1. Keeping to segment 97-117, report how many residues are closer than 18 Å to Q44 by Cβ and more than 12 Å from the chain's Cα centre (by Cα).
2. Can you name the condition, by its number, that S36 falls short on among (1) in contact (Cβ under 8 Å) with a residue 60 or more places away in the chain; (2) more than 18 Å from D94 (Cα to Cα); (3) not hydrophobic (A, V, I, L, M, F, W, C)?
3. How about segment 119-135: which of its residues are modelled with pLDDT of 80 or more, of a type outside the set (G, A, S) and either part of a loop (DSSP other than H, G, I, E, B) or under 20 Å from T31 (Cβ atoms) (or both)?
4. If you go through segment 6-33, how many residues are in contact with a helix residue (DSSP H, G or I) (Cβ under 7 Å, 6 or more places away or on another chain) and without any contact (Cβ under 8 Å) to a residue 40 or more places away in the chain?
5. Specify which of the listed residues (L58, L13, L68) is closer than 21 Å to V141 by Cβ and within 15 Å of the chain's Cα centre (by Cα).
Amino acid sequence: MLHIPGVLDAAALAQVHGLLGQAGWIDGRATAGHLSATVKDNRQLDEDDPLALQAGALVMDALARHPLFAASALATCISAPLFNRYEGGATYGDHIDGAIRPLTKGRMRADLSATLFLSDPVSYDGGRADDRRPPAAKHAVKLPA
């Protein structure tokens, strides 16, 4: 797991928060694979929602400018980000992100996944990402925005 700090500056983070605050949220299982859907209990923005597209563009632009991300990911294709939220005890149970991501026109290998934290860790409960690589049995990560 690679921690890349400072992806979004304060202005971009505020813009993303503003967009997410106006958006309509749907059942997060809409993008889960068959197995993940059984443990996914969250809300997310519809991938085609104009507000999700605007927020996604801000994130994608920031990633494109970040030298550590570019050097580490070496990606030829990056799918638009999915924006998820968890409230009222919602969780995304133990799962492994799918290796093949369906797209509107075809499919894409998804060998690399990323979590971008958008809120200060002390401002909410839960929200940890688990690193399950050997030799660590399980290491929970909750990083600053």
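1. Going through segment 97-117, the residues closer than 18 Å to Q44 by Cβ turn out to be 97-98, 101-104, 110, 113-117.
Filter again for more than 12 Å from the chain's Cα centre (by Cα), leaving 98, 101-104, 110.
The qualifying residues number 6.
2. (2)
3. First, the residues of segment 119-135 that are modelled with pLDDT of 80 or more: 119-123.
When the remaining residues are screened for being of a type outside the set (G, A, S), the result is 120-122.
D120 - this is the single residue of segment 119-135 that is modelled with pLDDT of 80 or more, of a type outside the set (G, A, S) and either part of a loop (DSSP other than H, G, I, E, B) or under 20 Å from T31 (Cβ atoms) (or both).
4. So the count comes out to 3.
5. L13
The values are calculated or read from the model by the stated rules, or taken from the named source; none is laboratory data. Keep in mind that what you see is a predicted model, and the values were worked out from it rather than measured. Using ideal geometry, Cβ is built from the backbone for each residue, glycine included, and neighbour counts are taken over all protein chains shown.
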